[in-house]
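Trainee: Okay, handing you the structure first.
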Amino acid sequence: MIPDFLTIAEAAALISKRELSPVELVENRLARIERFDGRLNSFIRVLREPALTAARAAEAEILAGNHRGPLHGIPIGLKDIYETRGVPTTGHSKVLIDHVPQRDATSVRRLTDAGAIVLGKLATHEFAFGGPSFDLPWPPARNPWDTSRFTGGSSSGTGAAVAAGLVLGGAGSDTGGSIRGPAAFCGLAGLKPTYGRISRVGILPLAFSLDHAGPMTWTVEDCAIMLDAMAGHDPADPASADRPVPDCRAALSGDVKGLRIGLIRHFYESDNPANEATRQGIDAAVKVFEDLGCSVRELRLSPLAEWAACGVMIMLTEGYAVHQATLRERFGDYGEAFRDRMALAALISGGDYVQAVRRRRELVTEFTTAMANLDLVITAAAASEAPAIDAVSKFAIFERPMLTMPFNVTGSPAMSVCCGYSAAGLPLAIQLVGKPFDEATVLRAAHAYEKATAWRSIHPRLNG
């Protein structure tokens, strides 16, 4: 009997001991998709036959003694902005509804080379920006903890599919919080690595200087496993960093005693006030880190609104550069939320963009200086549990400054980790941020926190 909820690490251990068949595991997850996804809408496209073919090949390789590692035979999903050879990649948009790439994204190739099996393409907000939208070719994904709730965006389908146990891991993207937001609302571990750590070749762009690709999983350990496969230099990506990639999973066993942590309390207490449950969850998490031997002190930065304004200005301008020609030719083919948000960018001047880029450099310097005597910072990942999906304004990103955007501005590694549940049983989250290319410390601290708490034993109760 295969458990309904199984981590990558657990499944990998069973597969390596030949106690679990990749074919049986893939068949089991396909059955879960058929049973539950009619209400979750996490998949745009299920690749049933290709996945079963890949599972049979993986099983044969493993039986022949060619076990590639912890992702071999593991079913995953891809946000539908990751290009897949011979399989439509739509960006959840009518504009690309017939787009069939001739190559896999670099990160997809690395995952499949590691043995991962792609079960399908997952819902997003249109071109990873405007949502949730109800006027697109596919409905928006819904939160498995409560299907009347928002999943967060824009890696919405990935958040829902992983939380519901339809896949064991998923690939998302993050331009202003699109991995960490869904991870927070769906109770996952979601990592935005350092800018340049994972190639974006073959991933539909939103904003060239803010886009990050990364993993979303149930546990921090599973994030490390996926990162180890996805990361690495790619000369075809001008922003790709030619830096050594550490064994992040191996680093999880390290001690966290002595880590120096800065707590950015004003971001979620005054700049974008969090609700009481979130504040209590963060306070309790800080106590856990202190009990683990970390030192925590408060850190004050420029107001969150300045970080958010800088990042949103850059995101809008660069996004408009990507879509300008198509917006002029096919404006009505975009969904209302995307086109109305993006139309605002037509009013931004070159001078506005340059000033935002200049301010970004100042903010990056400020954060670098603040981190000189710290190993990590902690703040909120979201101001509350998931709101109702029909209560999210199409201009929500302008109404309250995003708690995640500062670390797209800096390009720092940042991850969301579950820190408890609200009175309604909905996930709450903290955000951990590290120094450039030090994903290992972020993951090590987050893993230690998970092991010291009971949150990973609680799963959504699905009916169907």
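Trainee: Go through (1) surrounded by fewer than 22 Cβ atoms within 10 Å (Cβ to Cβ); (2) touching a strand residue (DSSP E or B) at 6+ places or on another chain (Cβ under 6 Å) and name the single condition Cys223 misses.
Mentor: Of (1) surrounded by fewer than 22 Cβ atoms within 10 Å (Cβ to Cβ); (2) touching a strand residue (DSSP E or B) at 6+ places or on another chain (Cβ under 6 Å), only one is false for Cys223: (1).
Trainee: Considering the range 418-436 alone, what residues qualify as being over 17 Å from the mean Cα position of the chain (by Cα) and within 19 Å of Leu374 (Cβ to Cβ)?
Mentor: Residues satisfying the conditions are Lys435, Pro436.
Trainee: Considering only the range 386-397, I want to know if a residue exists there that is over 22 Å from the mean Cα position of the chain (by Cα) and basic (Lys, Arg).
Mentor: no
Trainee: In the range 325-337, is there at least one residue being buried (at least 18 other Cβ atoms within 10 Å of the Cβ), under 22 Å from Ala213 (Cβ atoms) and in contact (Cβ under 8 Å) with a residue 60 or more places away in the chain? Walk me through it before giving the result.
Mentor: Here is the first cut: in the range 325-337, the ones buried (at least 18 other Cβ atoms within 10 Å of the Cβ) are 327, 334-335, 337.
Filter once more, so that each one left must be under 22 Å from Ala213 (Cβ atoms): none.
The answer is no; no qualifying residue exists.
Conditions (1) closer than 13 Å to Ala382 by Cα; (2) among the aliphatic types (A, V, I, L, M), marked per residue:
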| site | (1), (2) |
| --- | --- |
| Ala251 | no, yes |
| Gly254 | no, no |
| Leu263 | no, yes |
| Phe267 | yes, no |
| Ala274 | yes, yes |
| Ala277 | yes, yes |
| Asp283 | no, no |
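Trainee: Is there a residue in the range 106-121 that is open to solvent by less than 30 Å² (accessible area, probe 1.4 Å), under 30 Å from Ala396 (Cβ atoms), part of a loop (DSSP other than H, G, I, E, B) and touching a Phe, Trp or Tyr at 6+ places or on another chain (Cβ under 6 Å)?
Mentor: No, the range 106-121 contains no residue that is open to solvent by less than 30 Å² (accessible area, probe 1.4 Å), under 30 Å from Ala396 (Cβ atoms), part of a loop (DSSP other than H, G, I, E, B) and touching a Phe, Trp or Tyr at 6+ places or on another chain (Cβ under 6 Å).
Trainee: Name the pairs whose Cβ atoms lie under 8 Å apart, with the first residue in the range 344-363 and closer than 19 Å to Val409 by Cα, the second open to solvent by less than 60 Å² (accessible area, probe 1.4 Å) and not in a helix (DSSP H, G or I), and 6 or more positions between them or separate chains?
Mentor: Partner pairs satisfying both residue conditions: Leu363/Ser302; Leu363/Thr410.
Trainee: Another question, then. Any chance you could count how many residues in the range 256-275 are in contact with a helix residue (DSSP H, G or I) (Cβ under 8 Å, 6 or more places away or on another chain) and in contact (Cβ under 8 Å) with a residue 12 or more places away in the chain?
Mentor: 11
Trainee: Separate question: Return a yes/no flag: does the range 74-84 have any residue that is in a helix (DSSP H, G or I) and either without any contact (Cβ under 8 Å) to a residue 60 or more places away in the chain or touching a helix residue (DSSP H, G or I) at 6+ places or on another chain (Cβ under 6 Å) (or both).
Mentor: Scanning the range 74-84 turns up no residue that is in a helix (DSSP H, G or I) and either without any contact (Cβ under 8 Å) to a residue 60 or more places away in the chain or touching a helix residue (DSSP H, G or I) at 6+ places or on another chain (Cβ under 6 Å) (or both).
Trainee: What tally of residues in the range 233-269 results from selecting those that are surrounded by 14 or more Cβ atoms within 10 Å (Cβ to Cβ), small (Gly, Ala, Ser) and over 18 Å from Phe208 (Cα atoms)?
Mentor: 3
Trainee: Let me ask another. From the list Val95, Val87, which residue is touching a Phe, Trp or Tyr at 6+ places or on another chain (Cβ under 7 Å), open to solvent by 10 Å² or more (accessible area, probe 1.4 Å) and under 30 Å from Ala325 (Cβ atoms)? Can you show your working first?
Mentor: Values: Val87 fails: touching a Phe, Trp or Tyr at 6+ places or on another chain (Cβ under 7 Å).
On inspection, the qualifying residue turns out to be Val95.
Trainee: Quick one: how many residues across the range 241-279 are assigned to a helix (DSSP H, G or I), under 30 Å from Pro303 (Cα atoms), out of contact with any Ser or Thr (no Cβ under 7 Å at 6 or more places or on another chain) and among the small types (Gly, Ala, Ser)?
Mentor: Initially, the range 241-279 is screened for residues assigned to a helix (DSSP H, G or I), giving 248-251, 265-271, 276-279.
If we keep only those that are under 30 Å from Pro303 (Cα atoms) as well, we get 265-271, 276-279.
Adding the requirement that they be out of contact with any Ser or Thr (no Cβ under 7 Å at 6 or more places or on another chain) leaves 265-266, 269-271, 276, 279.
Subset that is among the small types (Gly, Ala, Ser): 270.
Result for the range 241-279: 1.
Trainee: Kindly indicate which of Ala372, Ala380 is closer than 24 Å to Ser295 by Cβ and open to solvent by 20 Å² or more (accessible area, probe 1.4 Å).
Mentor: Answer to the selection: Ala372.
Trainee: Name every residue in the range 6-19 that is closer than 22 Å to Val220 by Cβ and not polar (S, T, N, Q), in order of residue number.
Mentor: Leu6, Ile8, Ala9, Glu10, Ala11, Ala12, Ala13, Leu14, Ile15 - these are the residues of the range 6-19 that are closer than 22 Å to Val220 by Cβ and not polar (S, T, N, Q).
Trainee: Those residues that are surrounded by fewer than 17 Cβ atoms within 10 Å (Cβ to Cβ) and on the phi > 0 side of the Ramachandran plot, I need them from the range 15-63; list them, please.
Mentor: Arg18
Trainee: Checking Pro273 against (1) open to solvent by 60 Å² or more (accessible area, probe 1.4 Å); (2) at pLDDT 95 or above; (3) within 30 Å of Asp222 (Cβ to Cβ), which test does it fail?
Mentor: Pro273 satisfies every listed condition except (3).
Trainee: If we scan the range 41-60, do we find a residue that is under 30 Å from Pro235 (Cβ atoms), basic (Lys, Arg) and at pLDDT 95 or above?
Mentor: no
Trainee: From the set of residues in the range 179-220 that are touching an Asp or Glu at 6+ places or on another chain (Cβ under 9 Å) and β-branched (Val, Ile, Thr), which is surrounded by the fewest Cβ atoms within 10 Å (Cβ to Cβ)?
Mentor: Val201
Trainee: Hey, another quick one. Against the definition (open to solvent by less than 10 Å² (accessible area, probe 1.4 Å), under 23 Å from Phe208 (Cβ atoms) and aromatic (Phe, Trp, Tyr)), how does Phe398 come out, yes or no?
Mentor: No: the conditions fail for Phe398.
Trainee: Under 6 Å between Cβ atoms, at least 6 apart or on separate chains: pull out the pairs that start in the range 441-464 with a residue that is at pLDDT below 95 and end on any residue that is part of a helix (DSSP H, G or I) and surrounded by fewer than 19 Cβ atoms within 10 Å (Cβ to Cβ).
Mentor: Correct list of pairs: Gly464/Arg35.
Trainee: Let me ask something else. Any chance you could count how many residues in the range 48-70 are among the small types (Gly, Ala, Ser), in contact (Cβ under 8 Å) with a residue 12 or more places away in the chain and not in a loop (DSSP other than H, G, I, E, B)?
Mentor: Residues that pass the stated criteria total 4.
Trainee: Please indicate, with yes or no, whether at least one residue in the range 340-360 is under 30 Å from Leu428 (Cβ atoms) and open to solvent by less than 30 Å² (accessible area, probe 1.4 Å).
Mentor: So far as the range 340-360 goes, yes, one or more of its residues are under 30 Å from Leu428 (Cβ atoms) and open to solvent by less than 30 Å² (accessible area, probe 1.4 Å).
The values are calculated or read from the model by the stated rules, or taken from the named source; none is laboratory data. None of these values were measured; they are calculated from a predicted model. Reconstructed Cβ throughout: ideal geometry from the backbone, glycine too, with neighbour counts over all protein chains shown. Heads up: the accessible areas ignore ligands, DNA and RNA and are worked out on the full protein's heavy atoms, side chains in. Shrake-Rupley method; radii C 1.70, N 1.55, O 1.52, S 1.80 Å.
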